[in-house]
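Asks: Pasting in a structure now, in structure tokens, and then I'll have a few things to ask.
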Amino acid sequence: MDKVEGGPITRFPADDLRSIRRYITTHDSNGKAVFLDSGDDGDHHKVMVGGKGVANIIYSTAETPVNLADEADLKYAKAKEPGIHVPNGTVARMIDFAPGVESPLHRALSLDYGIVIEGEFELTLDSGESRIMHPGDMSVNRAGNHKWRNCSQYKSGRMLFVLLDCKPFSVNGHSIEEDLGQLAGEYAPK
């Protein structure tokens, strides 16, 4: 099989990965939990970095604690495509990576949970340290400068990221700043 050089992704899901379903619950007039609808695959999809990946926003909130009254959170999630993260809010983002793709080095000012769904990924930090992650493995990135690489040269991979905003902080007097690098244009505020 020939190596794919990245860029084959034109939609969510990537052609060689299965479709996903998102099921959102709400409440009926008696306060019982019910499903909002029969499920979908998210409200906001974005092909990124010239087709080397595609992001799917599973859900986002404007604040924590989340305001569920009058379905305020549902309205926000449907109407707003978030940037890399939401100040004082949350973002759940699924990303399909093309074969062999490596993201640029970047840092969001957020606490990020990264879970491998399909494939094998290498997480590399700006210190040079790295770890190989398999389906079900999870990283907890505390605003660290990092990059991701899909280890397969032949199959797309999928990760789920949940980003929680964090307070500004410093390390030994050095302020830690957001740096999206080459991804800045992909996550420009809307």
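The values are calculated or read from the model by the stated rules, or taken from the named source; none is laboratory data. The structure presented is a predicted model; accordingly, all values stated were derived computationally and were not measured. Cβ atoms come from the backbone with ideal geometry, glycine included; neighbour counts cover every protein chain shown. Surface accessibility is based on the protein's heavy atoms, side chains included, excluding ligands, DNA and RNA. Shrake-Rupley method; radii C 1.70, N 1.55, O 1.52, S 1.80 Å.
Asks: Could you check how many residues of the range 99-136 are open to solvent by less than 30 Å² (accessible area, probe 1.4 Å) and in a loop (DSSP other than H, G, I, E, B)?
Replies: Qualifying residue count for the region: 6.
Asks: Same structure again: Within the range 78-93, which residues are in a helix (DSSP H, G or I) and of a type in the set (A, V, I, L, M, F, W, C)?
Replies: ALA79
Asks: Of a type in the set (A, V, I, L, M, F, W, C), closer than 19 Å to LYS155 by Cβ and either modelled with pLDDT of 95 or more or touching an Asp or Glu at 6+ places or on another chain (Cβ under 7 Å) (or both), is that true of ALA62?
Replies: The answer is no for ALA62.
Asks: Go through the residues of the range 116-130 one by one and say whether even a single one is β-branched (Val, Ile, Thr) and touching a residue at least 40 places away in the same chain (Cβ under 8 Å).
Replies: Of all residues in the range 116-130, those β-branched (Val, Ile, Thr) come to 116-117, 124.
Pick out the ones that are also touching a residue at least 40 places away in the same chain (Cβ under 8 Å) and you get 116-117.
Within the range 116-130, one or more residues are β-branched (Val, Ile, Thr) and touching a residue at least 40 places away in the same chain (Cβ under 8 Å).
Asks: Six or more apart or on different chains, Cβ atoms under 7 Å: show the pairs whose first residue is in the range 133-153 and over 23 Å from LEU109 (Cα atoms) and whose second is of a type outside the set (Ser, Thr, Tyr) and surrounded by fewer than 14 Cβ atoms within 10 Å (Cβ to Cβ).
Replies: These pairs meet every condition: CYS151/ILE132; GLN153/LYS3.
Asks: Now for a separate question. From the list PHE12, PHE35, which one is surrounded by fewer than 20 Cβ atoms within 10 Å (Cβ to Cβ) and either in contact with a His (Cβ under 6 Å, 6 or more places away or on another chain) or at pLDDT 95 or above (or both)?
Replies: It is PHE35.
Asks: What tally of residues in the range 50-106 results from selecting those that are without any contact (Cβ under 8 Å) to a residue 12 or more places away in the chain and not small (Gly, Ala, Ser)?
Replies: Matching residues across the range 50-106 total 5.
Asks: Step by step: first the residues of the range 43-83, then only those that are over 16 Å from the mean Cα position of the chain (by Cα) and of a type in the set (Asp, Glu), then the one that is surrounded by the fewest Cβ atoms within 10 Å (Cβ to Cβ). Which residue is that?
Replies: The qualifying residue surrounded by the fewest Cβ atoms within 10 Å (Cβ to Cβ) is ASP70.
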